[in-house]
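Working notes for the structure below.
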């Protein structure tokens, strides 16, 4: 922000002077900044002006406040801790259902105040969660929302989180057998999403995959695949062909690649459809004109 004649405002001049001291290493990372009263005396400024200057330094990541101790020049560890705290906390809130799909997040400044972190660090954390499809940004308003439930990546995570909650509350006790179809009915989702959620349980060693031979309706034999809740069945059920307590590294990599490609394809198709819609609107406008 600048005044009408293009010069910096008083609080910006103070902030810029302190930034220059940091650049020149007169104030080193971790060093305490002068107190509010010292800055008021040094710059002949009011307490409000000094407070605004310090807030600007914090928002831009030049300084951090430590309650009861003062304000200090930021260090790399200050950023790293705040960044990880914000990302892991928001992920946890989404997984646990405290932040529902489509919900608008608090503003950048509100998150910065909540986590006592610079706005720049909040932006970096939000960008990571957007890249990982936990969040989405509104193109028109720049507001950030929890990703919609029908997004493939979010649908898989929500289904997995629902299974974990059912295991934790005892409604899916150890030894429970689930086919992908049964899991889909239980979760109210499609079979592909349910299978992905079951695969995640297996990768986390919270379940095992069992293939067994059963009698088909025509009297022949067929192979049935089920997922058994628990770290692994203590004793295989009669007719068991194979028991897998986890995916092989090759299978894990292949499935991850397939999921990534499938998500990328869906995103590309959605973008193509959006471009078609825009073209239709432009052609309609041109026709009317």
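The values are calculated or read from the model by the stated rules, or taken from the named source; none is laboratory data. As the structure is a prediction and not an experimental result, all values here were calculated from the model. Counting neighbours? That spans all protein chains shown, and the Cβs are built from the backbone with ideal geometry, glycine included.
One table, with the values for the structure above:
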{"quantity": "Selection within the stretch 162-180 - surrounded by fewer than 16 Cβ atoms within 10 Å (Cβ to Cβ) and either touching a helix residue (DSSP H, G or I) at 6+ places or on another chain (Cβ under 6 Å) or on the phi > 0 side of the Ramachandran plot (or both)", "calculated": "170, 175"}
{"quantity": "Subset of the stretch 59-80 [over 14 Å from residue 32 (Cβ atoms) and surrounded by 14 or more Cβ atoms within 10 Å (Cβ to Cβ)]", "calculated": "59, 60, 61, 79"}
{"quantity": "Number of the condition not met by residue 130 [criteria: (1) under 24 Å from residue 189 (Cα atoms); (2) at pLDDT 90 or above; (3) buried (at least 17 other Cβ atoms within 10 Å of the Cβ)]", "calculated": "(3)"}
{"quantity": "Where residue 127 falls short, out of the listed (1) over 26 Å from residue 193 (Cα atoms); (2) under 15 Å from the mean Cα position of the chain (by Cα)", "calculated": "(1)"}
{"quantity": "Extreme residue, modelled with the highest pLDDT, among residues of the stretch 23-37 that are assigned to a helix (DSSP H, G or I) and closer than 16 Å to residue 13 by Cα", "calculated": "36"}
{"quantity": "Filtered residues of the stretch 38-70 (kept if modelled with pLDDT of 90 or more and touching a helix residue (DSSP H, G or I) at 6+ places or on another chain (Cβ under 8 Å))", "calculated": "39, 40, 43, 45, 46, 47, 49, 50, 51, 52, 53, 54"}
{"quantity": "Per-region count, the stretch 155-175, residues assigned to a loop (DSSP other than H, G, I, E, B) and under 14 Å from residue 197 (Cβ atoms)", "calculated": "1"}
{"quantity": "Some residue of the stretch 145-154 being touching a residue at least 60 places away in the same chain (Cβ under 8 Å), part of a loop (DSSP other than H, G, I, E, B) and within 14 Å of the chain's Cα centre (by Cα)", "calculated": "no"}
{"quantity": "Residue identified as surrounded by 17 or more Cβ atoms within 10 Å (Cβ to Cβ) and within 28 Å of the chain's Cα centre (by Cα) among 14, 94, 22", "calculated": "94"}
{"quantity": "Close pairs (9 angstrom Cβ cut-off, 6 or more residues apart or separate chains): within 12 Å of residue 126 (Cβ to Cβ) and in the same structural domain as residue 126 (by TED's automatic domain parsing) in the stretch 92-109, assigned to a loop (DSSP other than H, G, I, E, B) and modelled with pLDDT of 85 or more anywhere", "calculated": "105/99; 105/143; 107/143"}
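So that you can scan it fast, the table gives a plain yes or no per residue for (1) under 31 Å from the mean Cα position of the chain (by Cα); (2) under 26 Å from residue 155 (Cα atoms); (3) at pLDDT 85 or above; (4) in a strand (DSSP E or B):
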residue: 182; (1), (2), (3), (4): yes, yes, yes, no
residue: 193; (1), (2), (3), (4): yes, yes, yes, no
residue: 200; (1), (2), (3), (4): yes, yes, yes, no
residue: 214; (1), (2), (3), (4): no, no, no, yes
residue: 217; (1), (2), (3), (4): no, no, no, no
residue: 225; (1), (2), (3), (4): no, yes, no, yes
residue: 228; (1), (2), (3), (4): yes, yes, yes, yes
